[in-house]
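The values are calculated or read from the model by the stated rules, or taken from the named source; none is laboratory data. No experiment lies behind these values; they were computed from the predicted model shown. Please note: Cβ atoms are built from the backbone with ideal geometry, for glycine as well, and neighbour counts cover all protein chains shown.
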Amino acid sequence: MKVYDAMANAFIKEGTTSLFGLLGDGQMTWWAAMSKYPQLKIVDVRDEGCAVTMAEGYAMATGKIGVASSTQGRGWRA
């Protein structure tokens, strides 16, 4: 089993149902593994800060786990 598959499995077992994040090279394989779970909703954002804020708001509103993910390096700004 690959590390990214094991991580995806662990997140699902912990009850993750939503993932907020900015996709990039750093976690692309993990996102692909996460996308195999039909009960998971992936919300792609344009900014790392938005991902964290959305995950926090989701956790506060639902009482469930809020997960934010971002890639390595400096974020792109328009």
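Any idea how many residues of segment 8-22 are surrounded by fewer than 16 Cβ atoms within 10 Å (Cβ to Cβ) and of a type outside the set (S, T, N, Q)?
4
Among (1) out of contact with any Gly (no Cβ under 7 Å at 6 or more places or on another chain); (2) buried (at least 16 other Cβ atoms within 10 Å of the Cβ); (3) modelled with pLDDT of 90 or more, which single condition is A55 missing?
If we test A55 against (1) out of contact with any Gly (no Cβ under 7 Å at 6 or more places or on another chain); (2) buried (at least 16 other Cβ atoms within 10 Å of the Cβ); (3) modelled with pLDDT of 90 or more, just (1) comes out false.
Name the pairs whose Cβ atoms lie under 9 Å apart, with the first residue in segment 22-40 and more than 20 Å from K64 (Cα to Cα), the second assigned to a helix (DSSP H, G or I) and polar (S, T, N, Q), and 6 or more positions between them or separate chains?
A33/N9
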